[in-house]
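Worksheet: the structure to be examined is printed underneath.
The values are calculated or read from the model by the stated rules, or taken from the named source; none is laboratory data. Quick caveat: nothing in here was measured; it's all calculated off a predicted structure. Heads up, the Cβs are rebuilt from the backbone with ideal geometry, glycines too, and the neighbour counts pull from every protein chain shown.
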Amino acid sequence: MSEETTRSAAWSRLDNLPTVGMNYLYTWYRAAVMEHERVVDQTRGRADRQVDAYQFVHALRQVHRSACMIRDALDGYARHEAGRAVADFEAAVPDAKNARDVLDHFDAYAQGMGNLSHPGTRTNQRTPTEQAAREFDAFYETQGPNHYIVHLGRLSVDVTAGRHAADTMVDRVLDVLGLTTSTDEGASLEFDLDNPLPMTSIFLTCLWSPLSPEVSDVLTQLVTPEVVDDRGDFSEAAQSVEGYAPVTHVERPRPDVAYVALVPDTGRVRQATRRVPIMVSWWLTLQRRTDLEPHWRAFAVSRHPIEPDDMPWPDD
C-alpha cells in the first residue's frame, strides 16, 4: 500500500464531515455554473437549452444540499453563519427544492401521483386525477440575454437568479470554512522570481498551456532537475489539477520549502485562513534551490505536501 493510500485510509470521513460536504459543494457548484452558461447561450437550440435547464435545476438543488450538509456538521458561530447563508439562498430561490422534486420524480407527477399533488397523503392512498397529472407541466420563459425561467406549474426557477444565489451562498459557506474571497482579487502579483507564489502562477500557466517544445523548455526551468530526470512528462500533473486554482497563501515549513494549496476554481481568488482540507485540494510543493536560477522550483503536485526530508537536496 502506498504512503498516499495509507494517509487517506487513516483520514476519518465521519470526523471531517464539513470537508466531505465541501467536496460535494465544489462539484455541484461547478455543474450548476456549466449548466447556467449553456442555458443562457442563445446560439444553442431551444431543445438543447431546455435539457440543460432541467440539469441546472438539479445541480442547483445539489449545491443547496451540499451547503446544508456542511451547516449541519458545524457547531456554534460557524453553524449559525452557514445557516444564514443557506436561509438567504432559500429565500432567493424558494422553489428550487420542489422544482427538483418534480423533475426527479417526473413519472409520478405525470401520472398524477406526485407528492406535491397529494400533500400529506400516503402513496397507497392517492387517487390520480387529470388535474393532478397536468398540475406541474413544464414551460419556459425567455426574454433576452441571461433571461431564462423554468416553470413547472406554479413553481418557477429563474436560471440566472439561481446562479447568482448559488454564487453568494458558496462564497459565504467557504468563508465559514476558512477559504475567504481574497482582498487581492484582480490585483496582479508582484513579479519576483524569488517569491514562491508568483512562481506558482507561472508554473501553472505553463502547465496548462498546449504542449510544445517551447513550453516544455520553460517548464524544465521551473522545476527541480530531479523532476525532469524522474518524470520528464508533465501531462499527468496537468490533468490532475485541471479546473483548480492556487489560494493566495503560502505555507513555509522551513525557509527553503513552500506549499501552495490548489482548490477547485470557482472564478474568485481565495485566501486560505487555515490549512486547506486534503480531500478538496492538491498541493504544489516548491523547493528553494540556491544552486539554481530562479531559486524557487516546483518539485511535486500531489494530494499531500511533500515533507522536506523526503525531497532530494544538492548536498545529499
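In the set ARG71, ARG100, ARG65, which member is crowded, with 20+ Cβ neighbours inside 10 Å, within 20 Å of the chain's Cα centre (by Cα) and of a type in the set (Lys, Arg)? Steps first, please.
Working: ARG100 fails: within 20 Å of the chain's Cα centre (by Cα); ARG65 fails: crowded, with 20+ Cβ neighbours inside 10 Å.
Of the residues listed, the single one that is crowded, with 20+ Cβ neighbours inside 10 Å, within 20 Å of the chain's Cα centre (by Cα) and of a type in the set (Lys, Arg) is ARG71.
Considering every residue within the stretch 225-235, establish whether at least one is modelled with pLDDT of 80 or more and not in a helix (DSSP H, G or I).
Of the residues in the stretch 225-235, the ones modelled with pLDDT of 80 or more are 225-226.
Okay, now just the ones that are also not in a helix (DSSP H, G or I), so none.
There is no residue in the stretch 225-235 that is modelled with pLDDT of 80 or more and not in a helix (DSSP H, G or I).
Could you go through the stretch 13-21 and let me know if any residue there is modelled with pLDDT under 95, under 24 Å from THR142 (Cβ atoms) and touching a Pro at 6+ places or on another chain (Cβ under 8 Å).
Within the stretch 13-21, the subset modelled with pLDDT under 95 is 13-21.
Now narrow it down to the ones that are under 24 Å from THR142 (Cβ atoms): none.
Within the stretch 13-21, not a single residue is modelled with pLDDT under 95, under 24 Å from THR142 (Cβ atoms) and touching a Pro at 6+ places or on another chain (Cβ under 8 Å).
Given the condition in the same structural domain as GLU135 (by TED's automatic domain parsing), in a helix (DSSP H, G or I) and more than 16 Å from MET169 (Cα to Cα), answer yes or no: does some residue in the stretch 80-95 qualify? Walk me through how you get there before you give the answer.
Let us first name the residues in the stretch 80-95 that are in the same structural domain as GLU135 (by TED's automatic domain parsing), namely 80-95.
Applying the additional criterion that residues be in a helix (DSSP H, G or I) yields 80-92.
Keeping just the survivors that are more than 16 Å from MET169 (Cα to Cα) gives none.
No, the stretch 80-95 has no match at all.
All but one of (1) surrounded by fewer than 17 Cβ atoms within 10 Å (Cβ to Cβ); (2) not in a loop (DSSP other than H, G, I, E, B) hold for THR43, so report the exception by its number.
It is condition (2) that THR43 fails.
Which is more than 18 Å from SER302 (Cα to Cα), exposed (fewer than 14 other Cβ atoms within 10 Å of the Cβ) and assigned by TED's automatic domain parsing to the domain that holds PRO305, of PRO253, PRO210? Give the steps one after another, and end with the answer.
On the way: PRO253 fails: more than 18 Å from SER302 (Cα to Cα).
Just one listed residue meets the conditions, PRO210.
Can HIS58 be described as exposed (fewer than 15 other Cβ atoms within 10 Å of the Cβ), in a helix (DSSP H, G or I), at pLDDT 90 or above and not basic (Lys, Arg)? Talk me through it step by step, then tell me what you get.
On the way: exposed (fewer than 15 other Cβ atoms within 10 Å of the Cβ): no; in a helix (DSSP H, G or I): yes; at pLDDT 90 or above: yes; not basic (Lys, Arg): yes.
Considered against the rule, which asks whether it is exposed (fewer than 15 other Cβ atoms within 10 Å of the Cβ), in a helix (DSSP H, G or I), at pLDDT 90 or above and not basic (Lys, Arg), HIS58 comes out as no.
Each row is one residue, and each column tells you yes or no for (1) assigned to a helix (DSSP H, G or I); (2) of a type in the set (Asp, Glu); (3) at pLDDT 80 or above; (4) surrounded by 19 or more Cβ atoms within 10 Å (Cβ to Cβ).
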| position | (1), (2), (3), (4) |
| --- | --- |
| LEU262 | no, no, yes, yes |
| ARG268 | no, no, no, no |
| VAL276 | no, no, no, yes |
| LEU286 | no, no, yes, yes |
| ARG297 | no, no, yes, yes |
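Do we have TYR54 as aromatic (Phe, Trp, Tyr) and farther than 25 Å from THR27 by Cβ here? Quick ask: steps written out before the conclusion?
Working: aromatic (Phe, Trp, Tyr): yes; farther than 25 Å from THR27 by Cβ: no.
Against the criterion (aromatic (Phe, Trp, Tyr) and farther than 25 Å from THR27 by Cβ), TYR54 does not qualify.
With the requirement that a residue be over 24 Å from GLN50 (Cβ atoms) and either of a type in the set (Asp, Glu) or surrounded by 13 or more Cβ atoms within 10 Å (Cβ to Cβ) (or both), what does the stretch 114-129 give you?
At the first step, the residues of the stretch 114-129 found to be over 24 Å from GLN50 (Cβ atoms) are 118-129.
If the condition is that a residue be over 24 Å from GLN50 (Cβ atoms) and either of a type in the set (Asp, Glu) or surrounded by 13 or more Cβ atoms within 10 Å (Cβ to Cβ) (or both), then HIS118, ARG126, PRO128, THR129 are the ones that fit.
Helices (runs of 4 or more DSSP H) wholly in the stretch 146-222 with at least 2 residues that are more than 19 Å from the chain's Cα centre (by Cα) and modelled with pLDDT under 85 - which ones? Explain how you work it out, then say what you get.
On the way: elements: 159-176, 196-207, 213-220.
Those helices (runs of 4 or more DSSP H) span 196-207, 213-220.
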